[in-house]
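The values are calculated or read from the model by the stated rules, or taken from the named source; none is laboratory data. These numbers come from a predicted model, not from an experiment. Cβ coordinates were reconstructed from backbone atoms using ideal geometry, including for glycine residues, and neighbour counts include every protein chain displayed.
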Amino acid sequence: MFKHIDHIALHVNNLNVSQDFYCQYFGFKLHFSETLVSGIKTTYLTLGDTMLELTKLPNQMISGMHFCLKTENFTDAFNYLKNQGIKINRAPHPTSARIASEKNWQRAVFLGPDQEQIEIRGPI
């Protein structure tokens, strides 16, 4: 019946800041923007077949969730984000292998512009 998650949505304080952040540091591309009849502004970003919806809802606190981006080389991705000054929420550490090919993978968690948690994980 269901195929996969269509998109993940984040409520952000500043649409432009968040859009620039995800495009500049994570390689997302602008897919579609609109202003709803209600006046709420929404932007969709894509990364491969992953879609991230950013909705401008000021003064909303994001908590209790995170999303994870898989890397081809964990060490390179981690160092790139760290060198860009992206705040580290949780330092690199081993993560459980859900399948055999994930043995010896690492994970770390960074914070986005609205303090959303962005996990990265992959082989070192």
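List pairs: first residue in the range 20-45 and within 28 Å of Tyr80 (Cβ to Cβ), second residue basic (Lys, Arg) and in a strand (DSSP E or B) anywhere in the structure, Cβ distance under 7 angstrom, at least six positions apart or on different chains.
Partner pairs satisfying both residue conditions: Cys23/Lys29; Leu45/Lys29.
Pairs under 6 Å by beta carbon, first residue farther than 21 Å from Met51 by Cβ in the range 67-92, partner assigned to a helix (DSSP H, G or I), six or more apart or different chains?
Pairs that qualify, where the first residue is farther than 21 Å from Met51 by Cβ and the partner is assigned to a helix (DSSP H, G or I), are Gln84/Tyr25; Pro92/Phe78.
Which one is nearest to Tyr25 (Cα to Cα) among residues in the range 60-72 that are surrounded by 12 or more Cβ atoms within 10 Å (Cβ to Cβ) and of a type outside the set (Val, Ile, Thr)?
So, considering only residues that are surrounded by 12 or more Cβ atoms within 10 Å (Cβ to Cβ) and of a type outside the set (Val, Ile, Thr), the one nearest to Tyr25 (Cα to Cα) is Leu69.
Give the residues of the range 64-83 that are in a helix (DSSP H, G or I) and touching a strand residue (DSSP E or B) at 6+ places or on another chain (Cβ under 6 Å), sorted by residue number.
Phe74, Ala77, Phe78, Leu81
Kindly indicate the residue of the range 73-102 that is exposed (fewer than 11 other Cβ atoms within 10 Å of the Cβ) and either outside the structural domain of Glu116 (by TED's automatic domain parsing) or hydroxyl-bearing (Ser, Thr, Tyr) (or both) and also nearest to the chain's Cα centre (by Cα) among those meeting that condition.
Ser96
Among (1) surrounded by 14 or more Cβ atoms within 10 Å (Cβ to Cβ); (2) assigned by TED's automatic domain parsing to the domain that holds Lys3, there is one condition Gln24 misses while meeting the rest; what is its number?
So the condition that Gln24 fails would be (1).
Within the range 96-124, how many residues turn out to be outside any strand (DSSP E or B) and either in contact with a Gly (Cβ under 9 Å, 6 or more places away or on another chain) or within 18 Å of Leu45 (Cβ to Cβ) (or both)?
5
Do we have Ser33 as in a strand (DSSP E or B) and surrounded by fewer than 14 Cβ atoms within 10 Å (Cβ to Cβ) here?
Yes; evaluated as a whole, the condition is true for this residue.
Failed condition for Arg121, given (1) in contact with a Cys (Cβ under 8 Å, 6 or more places away or on another chain); (2) closer than 18 Å to Cys23 by Cα, with all others met?
Here Arg121 meets the rest and fails (2).
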